[in-house]
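Below is one structure, written out as structure tokens, with a few remarks after it.
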Amino acid sequence: MHDGCSAAFTSGKQIVDKIRMMGFHRNPLGIPFEISCTNCEAVFQMAYMESQCPACGMVYGVTPCHSHRAEFVKPAGVNY
């Protein structure tokens, strides 16, 4: 599913599953990202490696290796 820091994930669900399995989902990001939700277009601050849009519940995840850039954040699904 993931090869080191290669970003070999094919979906946001894989990212969220991996960071949950590793216990990183509640780790804070070094610098929070401003995310525009892909589901409802609300803008919110993503402060943890797994965060949820407060407006619609879309879950987002990013791996520790890629937590320095918002482009690596992927949506996993509403209330995933």
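The numbers here are math on the coordinates, done by the rules we state, and not lab data. Since the model is a prediction, treat every value here as computed from it, not as a measurement. For neighbour counting, all protein chains shown are included, and Cβ atoms are generated from backbone atoms with ideal geometry for every residue, glycine included.
For the chain, what is the relative contact order in percent, using Cα pairs closer than 8 Å and at least 6 residues apart in sequence?
Details: 147 pairs, mean separation 24.7, N = 80.
So the answer I get is 31 percent.
Using θ = phi - 60° and the Karplus relation 6.51 cos²θ - 1.76 cosθ + 1.60, list the HN-Hα couplings for the range 66-80 in order, rounded to whole Hz, with x at every Gly or Pro.
10, 7, 8, 9, 5, 4, 8, 6, 10, x, 10, x, 5, 6, 5
How far apart, in nm, are two points set 7 Å out from the Cα along the Cα-to-Cβ line at Arg26 and at Ser11?
Going by the 7 Å Cα→Cβ label model, 2.6 nm.
On full extension of the chain, what length is gained from Glu34 through Glu71, given 0.36 nm per residue of separation minus the C-alpha to C-alpha distance? Can you show the working numbers first?
Working: separation 37, 0.36 × 37 = 13.32 nm, distance 1.10 nm.
Extending this stretch completely gives an extra 12.2 nm.
In degrees from 0 to 90, rounded to the nearest 10, what is the angle of the helix 12-22 Cα long axis to the longest principal axis of the chain?
60 degrees
Taking 7 Å along the Cα-to-C-beta vector as the label spot, tell me the Asn79-Cys56 distance in nanometres, rounded to one decimal.
1.5 nm
Which value does Rg/Rh take for the range 28-78 over its C-alpha atoms, Rh per Kirkwood?
On the way: Rg = 9.7 Å, Rh = 10.6 Å.
Taking Rh as the inverse mean 1/r over Cα pairs, Rg/Rh reads 0.92.
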